[in-house]
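The values are calculated or read from the model by the stated rules, or taken from the named source; none is laboratory data. Computed from a prediction, not measured in an experiment: that's the story for all the values here. Cβ atoms come from the backbone with ideal geometry, glycine included; neighbour counts cover every protein chain shown.
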Amino acid sequence: MTRTAGGGERADLPYRLFGRARGVAPGIHRALGAGLNGAFLRHGSLLDAPDARRIDVRASITDPFGGVKVRRFENRARIDVFVALDLSGSMAFGRAENEDPVADFCAAVAHAALRSQDRFGMIAAGPRPRADLALRATRRAGLPDEIWRKVAQDAGEGRGVAGLLDMLDELPQRRSLVFVVSDFLLPEPDIEELLGRLWRHDVAPIVVRSSAIETRLPRFGLVETRDLETGRRRTVLMRRSLREAWLAHARERRASLDRLFRRHGRPAFDLVDRFDPDAFADHLLSGGV
Amino acid sequence: MSALGFDHLWPLLLLALGALPFLASPLRLSPAPSDDVVPPDPLSAAIGVGLSVLGALALIALVLGLAGLHRRDQVVERRGTGANIVLLLDRSSSMDSTFANRSPDGKEESKSVAARRLLTDFAARRPADRVAVAAFSTSPMPIVPMTDRHEAVRAAIAAIDRPGLAHTDVGRGLALAFSMFDDASSESSRALVLVSDGAAVIDRRVQDALRDAAARDPVRLYWLFLRTQGSKGIYDKPPPGEPDVPQTYPERHLDIFFKSLGLPYRAFEARGAAEVSAAIKEIDQLEQRPTTYFETVPRQDLDWLCYWVAALASALLLGAKLLERRLDEPAAGRDLRSAS
C-alpha cells in the first residue's frame, strides 16, 4: 500500500475479467488457448503440440488408445483496463480539490493495472467529448499520479452524457475491463444505451454517491438546492415525512439501478463519499454479491 | 384621475428591483447533483414560490412607501334626506335692531344675530342639504352658490349680522334667489327661505319676471318674517277708509303676491327668537326629501401600510433564513480521516 498524490491509498486490486482474455501479450489473466507453461489445463496429443519436453508418461501409458499425451498449460494474457468517467455537471458534487473520491478511484485502478502488468486507459466526457482527458491503453510509469491530477482538476460541467456516448468508440475492439464511473443520475434510457454500447466489454459500474444527499440529510429546515446540471433552484422544506420520502426515493433509485446493472452483467460498486481500496477489493473478490 | 397617487414618482423606478427575488434567493444554495434526488413535494414548491413572492412584495411595498403612496381626496356621491335650499337674507339696517326695535344690548340680541344663530343650527342639523345663500338690501348680493360645502354655508350665515344697508329690494333679491337653483338640484326638493323683517314694493316688471321664474322653476317658498314690535304684520288689514296699497302695507301685499305665484308657500310670522326657532324647526320638518349630495373624503396616506407590509414580509423572510440548512455540511467522519 502506497501513499501518493492526493493522499489516496493505492493497493493491488484483485480485478478479473469475466471469461477468458484474448491476446498474445503475457499477463496474469487467464486467456484463451493453451500454452507451454503455467497452470495445467489438459492433455493434448503430441501430434497437436509436438513438444517432447511436455510428454506426460503416465497419461500416455494409461491412454487406452495408446496415443502419446502432452501436457498443455493455460495461456496467461494481459488485458486492457479502462475507466469510462462521466464528467457531467452532477459529478462535481461531493468532490473537493484535495478530497476527491473519483480521482482516488481512477488513480487506484491505474496503479493496480500497472502492477498487474495490464494496460490502463481512460475516456472521460460530459455532454461534449473531451479529447484532452482521453488516454489510450498504456503502461507508462507515473500514470496514477497523472490520472489523479487530471481528474481532480476537472470537476465536470454540462448536462447529460452525450459526449461520453460518442467517445465509447475510442475503446478497443478487444474485450477489456471497463469501469464505468458515474453517479447514474441519468434517464434510464441513457443508462441503457451506455451499457448497451459496451456489450463487447466487461463492464463494472461504479456508482458515485454522497451521503450528504442520501443519509446525512438535515432533520428540519429550509434547503434550497441548485441542480448542478441545469442550474434550476428548488426550495425544500425538510421535515420528517419528506425526509423519509427522500430516503425511500434514494433506496428505490438504487434498487432500480441494481436491477439494470444485473441485467448487463455485474452488480455495481458504491463509491460513497470516499474511496476505500479494501472495500473495493472485497467487492471484486466476491463478485459484488 | 385614479384613486391612488404618489408624492414622488422617481422612486417608482426602483420597482424594477421587484424582479430580483425571482432571480436570486435569500437562502444559501446547496448544490445538488440532480433534481431527481429530491422527491416531488407540492408544499416545498409552494414555499419556494411564496419566498420569491414575499421578497418581491417586501421590495415593492418599500418602494411604494418611499414614493409616498396615498389615496387622493375623493368626491363621493351620497343620498340623503334634505333639500336644495336657497337662503335669502335681508341685510337692511333694520335687521340690526332687536325685535323690540331697539339697539341690541347685553340682554337682547338683534334680529340678525338671532337669525344667524338659528340658521347656523338649522344648517348644522341638516348635513344632506345643498344650500345657497344670497342677501339683499339696496341690491341683491349672491354670497354662496348652491353648494354642499357646509363650512362655506356656515361662514355665509355667520356674516349676516354685519351692519346692514338702508333699503330693502325684495323683488330683485327674489329674482336672484330663483336663479341660484342649478340643474343639479332636483325639482322636487327645491326650497327658498326668505328671511326678512320687512317688505317693499315690488316693481311691476320685476313681478312679471318673478312669475316667469316661478313658472319655470317651481320651488317651495317659505317666508320667515321677523316682525318688529309696532310694525305692520303680514295679515294686518288696513282699517276701513285707508287705501289698501302696497306702498302702505308692503308685507300684506308681498304675501298676496306670493300666494298668487301658484307655488307651495308658507309664511311664518315671528315676534321673537323662540318663534323664529319654532318656524325654522317646522321648515326643517317639511323639507325632508331624497337628495343627492357630494361628500369629499380627504386624502389618506397609505405609506404606513406599505411599510407594515414590507416589515411583515421581511420578518417572514428572516424566519425562512433562520430555518435555512444546507445539504453538504461536512461530516465529522471525513474530518477525522483527513486529519489522521
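Going through (1) touching a residue at least 24 places away in the same chain (Cβ under 8 Å); (2) surrounded by fewer than 16 Cβ atoms within 10 Å (Cβ to Cβ); (3) in contact with a Ser or Thr (Cβ under 9 Å, 6 or more places away or on another chain) one by one, residue A:66 falls short only on (1).
Considered as a group, the residues in the stretch B:143-189 that are touching a helix residue (DSSP H, G or I) at 6+ places or on another chain (Cβ under 9 Å), charged (D, E, K, R) and assigned to a helix (DSSP H, G or I) include one that is farthest from residue B:252 (Cα to Cα), and that residue is B:154. The set of residues in the stretch A:193-227 being among the charged types (D, E, K, R), more than 7 Å from chain B (Cβ to nearest Cβ) and touching an Asp or Glu at 6+ places or on another chain (Cβ under 6 Å) consists of A:209 alone.
The lone criterion from (1) under 30 Å from residue A:244 (Cα atoms); (2) more than 7 Å from every other protein chain (Cβ to nearest Cβ); (3) part of a helix (DSSP H, G or I) left unmet by residue B:48 is number (2). On the stretch given as the stretch A:139-171, residues that are surrounded by fewer than 18 Cβ atoms within 10 Å (Cβ to Cβ) and in contact with a strand residue (DSSP E or B) (Cβ under 6 Å, 6 or more places away or on another chain) total 3.
For the stretch B:8-17, the criterion of being facing chain A (nearest Cβ under 8 Å) and not in a helix (DSSP H, G or I) is satisfied by no residue at all. Residues in the stretch B:23-45 that are within 7 Å of chain A (Cβ to nearest Cβ) and touching a residue at least 12 places away in the same chain (Cβ under 8 Å): 5 in all.
Of all residues in the stretch B:54-93, those satisfying the criterion of being part of a helix (DSSP H, G or I) and out of contact with any Gly (no Cβ under 7 Å at 6 or more places or on another chain) are B:54, B:55, B:57, B:58, B:61, B:62, B:63, B:64, B:65, B:66. Applying the criterion of being surrounded by 14 or more Cβ atoms within 10 Å (Cβ to Cβ) and among the small types (Gly, Ala, Ser) to the residues of the stretch A:228-265, the residue that is farthest from the other protein chains (Cβ to nearest Cβ) is A:265. Answer yes or no: is there a residue in the stretch B:91-103 that is in contact with a His (Cβ under 8 Å, 6 or more places away or on another chain) and crowded, with 16+ Cβ neighbours inside 10 Å. Yes: the stretch B:91-103 contains one or more residues that are in contact with a His (Cβ under 8 Å, 6 or more places away or on another chain) and crowded, with 16+ Cβ neighbours inside 10 Å. Within the stretch B:16-37, if we keep just the residues that are of a type in the set (Gly, Ala, Ser) and surrounded by 17 or more Cβ atoms within 10 Å (Cβ to Cβ), the residue that is farthest from residue A:256 (Cα to Cα) turns out to be B:18. Those strands (runs of 3 or more DSSP E) of the stretch B:190-292 that lie entirely within it include none in which at least 3 residues are among the acidic types (Asp, Glu) and closer than 20 Å to residue B:135 by Cβ. Restricting attention to the stretch A:172-183, the residues being in a loop (DSSP other than H, G, I, E, B) and either within 14 Å of chain B (Cβ to nearest Cβ) or farther than 16 Å from residue A:110 by Cβ (or both) number 5. Set side by side, the residues B:67, B:100 differ, and just one is more than 30 Å from residue B:176 (Cβ to Cβ), among the small types (Gly, Ala, Ser) and not assigned by TED's automatic domain parsing to the domain that holds residue B:270, which is B:67. Applying a threshold of 8 Å to beta carbon distances and a minimum spacing of six or more residues, or different chains, the list of pairs starting in the stretch B:130-155 at a residue that is at pLDDT 85 or above and ending at one that is among the polar types (S, T, N, Q) and surrounded by fewer than 20 Cβ atoms within 10 Å (Cβ to Cβ) reads B:131/B:147; B:132/B:147; B:153/B:147; B:154/B:120. If you go through the stretch A:108-139 and keep only what is over 22 Å from residue A:168 (Cβ atoms), assigned to a helix (DSSP H, G or I) and touching a residue at least 60 places away in the same chain (Cβ under 8 Å), you end up with A:108, A:111, A:112, A:115. Summed over the stretch A:259-289, residues that are in contact with a Pro (Cβ under 6 Å, 6 or more places away or on another chain) and within 14 Å of residue A:207 (Cα to Cα) total 6. Which residue out of B:243, B:250 is in the same structural domain as residue B:115 (by TED's automatic domain parsing) and either closer than 21 Å to residue B:139 by Cβ or acidic (Asp, Glu) (or both)? B:250 is the lone residue from the list that is in the same structural domain as residue B:115 (by TED's automatic domain parsing) and either closer than 21 Å to residue B:139 by Cβ or acidic (Asp, Glu) (or both). Please enumerate the residues belonging to the stretch B:147-174 that are hydrophobic (A, V, I, L, M, F, W, C), within 28 Å of residue B:81 (Cα to Cα) and crowded, with 20+ Cβ neighbours inside 10 Å. Answer for the stretch B:147-174, where residues must be hydrophobic (A, V, I, L, M, F, W, C), within 28 Å of residue B:81 (Cα to Cα) and crowded, with 20+ Cβ neighbours inside 10 Å: B:153, B:156, B:157, B:160, B:174.
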